[in-house]
Amino acid sequence: MGRFILHSDLNNFYASVESLYNPEIRNKAVAVVGDEEKRHGIVLAKNYIAKSFGVKTGDTVWEAREKCGKTELVCVKARLDLYLQISRMVKDIYREYSSRVESFGIDEAWIDVSDIASTFAEAKAIADNIRVRVIAEIGLTVSIGVSWNKVFAKLGSDMQKPNATVVITPDNFRDKVWKLPVEDLLYVGRATKKKFERGNINTIGDLAHTDPKYLRLILGKVGLDLWNFANGKDCAEVSRSDAMEKVKSFGNSTTCPVDLVGNDQVKSVIYMLAESVAERMRRKGFYALCVSLWVRDNDLYSFERQMHLPYPTNVSIDIASACYKLFLEYYTWHRDVRSIGVRVTNLTTGEIQCDVFSRISDLERQQRLETTIETLRSRFGYNIIKRGNILMHEDLSILNPHSAPHIIHPVGFFKAK
Ligand SMILES: [Mg+2]
């Protein structure tokens with residue numbers, strides 16, 4: 001007893017990521033397609049607008065365009081590396097709540113919060129908090145189902161989209177779940193659905209009321225499993241498999257409220273991003289040996305450059321100064337700067353050996369300083385302390401990498417509910 005399980009599902013994941021990176025397509029019908037070069041690329045994902053025209057995953061681009069009629073369908077090529085990277089960042093947030101996080105595909109995961117919640121109200125508050133954080137820190141929305149078992153948690157995350165929490169309890173599941181079509185239940189595929197239809201089992205409630213002996217007869221052991229699912233008797237655990245997944249990078253990026261027109265402004269934003277990256281690294285005990293800078297100009301041309309550091313670090317001045325160096329070296333100011341990203345890779349967690357790193361005392365001093373600043377900010381708000389270089393730019397001083405209205409990665413465009 002006392003299990004509290006969340007299932008979190010990123011809404012329209014691929015299309016939402018593309019909308020993050022291309023603000024100009026946000027209000028258009030968007031399809032993410034497999035291969036742009038081939039004329040008959042396949043639709044891998046679509047946003048709500050494309051969906052409203054009937055565009056489906058698996059459609060050819062040609063079919064999808066046909067369905068949209070006179071409305072333009074924007075087709076963007078899938079960038080799986082990017083989606084994986086963002087999926088990892090989102091799941092890192094989940095892992096701050098529980099060591100039991102089990103992925104279900106790139107955009108879904110179960111999170112067992114039984115250790116920190118003792119009522120459904122508490123579990124819902126955690127789910128709401130996760131939703132707000134994913135919007136603020138990543139810029140995407142999730143739908144979360146809260147229940148005492150994995151199957152109903154998953155159902156809950158499907159029931160309201162986007163950006164919602166649905167709680168399914170032992171008291172309300174008969175009302176909320178039993179009216180749903182039986183194929184909404186996890187593991188009820190097309191073949192099973194057909195067999196159910198023949199037995200006049202159309203809703204999850206029908207299934208729950210069917211004699212399990214009959215189900216065993218037509219489906220074998222799976223029939224019994226599904227009967228248990230429908231009656232809320234799923235007791236599978238959320239596995240810890242994801243806990244072993246290795247963190248490979250930390251990063252943050254922002255689309256600025258105004259285009260940046262000079263080195264000083266860029267430097268300010270780089271320092272701000274580096275601070276939030278360093279903070280997360282320290283919280284998790286990581287050091288990085290490689291720093292990369294991503295820059296996008298107001299013509300949406302972007303590039304990424306990286307450099308290796310002579311020593312592992314997790315303090316913001318090291319990360320920021322390396323990034324700023326990269327910027328000075330590679331940016332030619334042919335255009336103003338719209339977005340900047342800071343990322344660290346080549347991570348280590350090991351103890352740093354003093355004899356090898358003679359600057360260890362500097363590092364520790366800087367770590368202490370930055371940790372103090374974080375503590376002040378967590379107690380008094382982000383703006384209690386600002387870098388002098390940020391204060392010089394009034395337009396930029398509204399940037400805050402920790403809270404809404406939030407401009408992180410690259411820009412949070414949904415409002416928290
Ligand atoms: Mg999804």
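Assorted remarks:
- Using a cutoff of 8 angstrom between alpha carbon atoms and counting only pairs six or more residues apart, the relative contact order for the range 1-160 works out to 34 percent.
- Apportionment of accessible area to carbon and sulfur, the range 95-185, percent (1.4 Å): 50 percent
- Annotation: peptides 188-196, 148-156, ranked by per-residue average of other Cβ atoms within 10 Å with the highest first, follow the order 148-156, 188-196.
- The range 175-230 - accessible surface per residue (Å², probe 1.4 Å): 60 Å²
- Computed with a 1.4 Å probe over protein heavy atoms only, the accessible surface of the range 1-76 comes to 50 Å² per residue.
- Ordering of 316-328, 289-301 by packing is 316-328, 289-301, highest average first (other Cβ atoms within 10 Å, averaged per residue).
- For the range 175-230, size of Cβ-based charge dipole, Lys and Arg +1, Asp and Glu -1, in debye: 220 debye
- Computed extension gain for I317 through Y330, at 0.36 nm per residue and net of the alpha carbon distance, reaches 2.7 nm.
- Centre separation in Å (Cα based) which lies between the range 180-253 and the range 263-318: 44 Å
- Over the range 198-310: Kirkwood hydrodynamic radius from C-alpha pairwise inverse distances, Å: 19.8 Å
- Using the Cβ-Cβ distance between K179 and R26 with R0 set to 45 Å, the FRET efficiency from 1/(1 + (r/R0)^6) comes to roughly 0.85.
- The range 14-80, relative contact order [Cα under 8 Å, separation at least 6], %: 36 percent
- Summed residue charge, Cβ within 12 Å of F53's Cβ, Lys/Arg positive, Asp/Glu negative: +3
- Based on Cα contacts under 8 Å between residues 6+ apart, the range 175-230 shows a relative contact order of 36 percent.
- Two-site FRET efficiency, D264 against A236, from Cβ-Cβ distance with R₀ of 45 Å, rounded to 0.05: 0.20
- Within the accessible area of the range 14-80, the carbon and sulfur atoms contribute 54%, probe 1.4 Å, all protein chains present.
- Between R283 and R190, the distance separating the two model label sites (each 7 Å from Cα on the Cα→Cβ line) works out to 4.4 nm.
- Note on Q367 and C290: the extension gain reaches 25.9 nm, defined as 0.36 nm multiplied by sequence separation minus the Cα-Cα distance.
- Annotation for the range 145-237: GluC sites (Glu not before Pro) lying in DSSP loop with at most 16 further Cβ atoms inside 10 Å of their Cβ are E237.
- Per-residue extension of 0.36 nm, minus the Cα-Cα distance of R79 and S302, leaves a gain of 78.8 nm for this segment.
The values are calculated or read from the model by the stated rules, or taken from the named source; none is laboratory data. Note that the coordinates shown come from a computational prediction; the quantities given were computed from them, not determined experimentally. In this analysis, Cβ positions are derived from the backbone assuming ideal geometry, glycine residues included, and neighbour counts consider all displayed protein chains. Accessible surface is based on the protein model in full, side chains and every heavy atom, while ligands, DNA and RNA are left aside. Shrake-Rupley method; radii C 1.70, N 1.55, O 1.52, S 1.80 Å.
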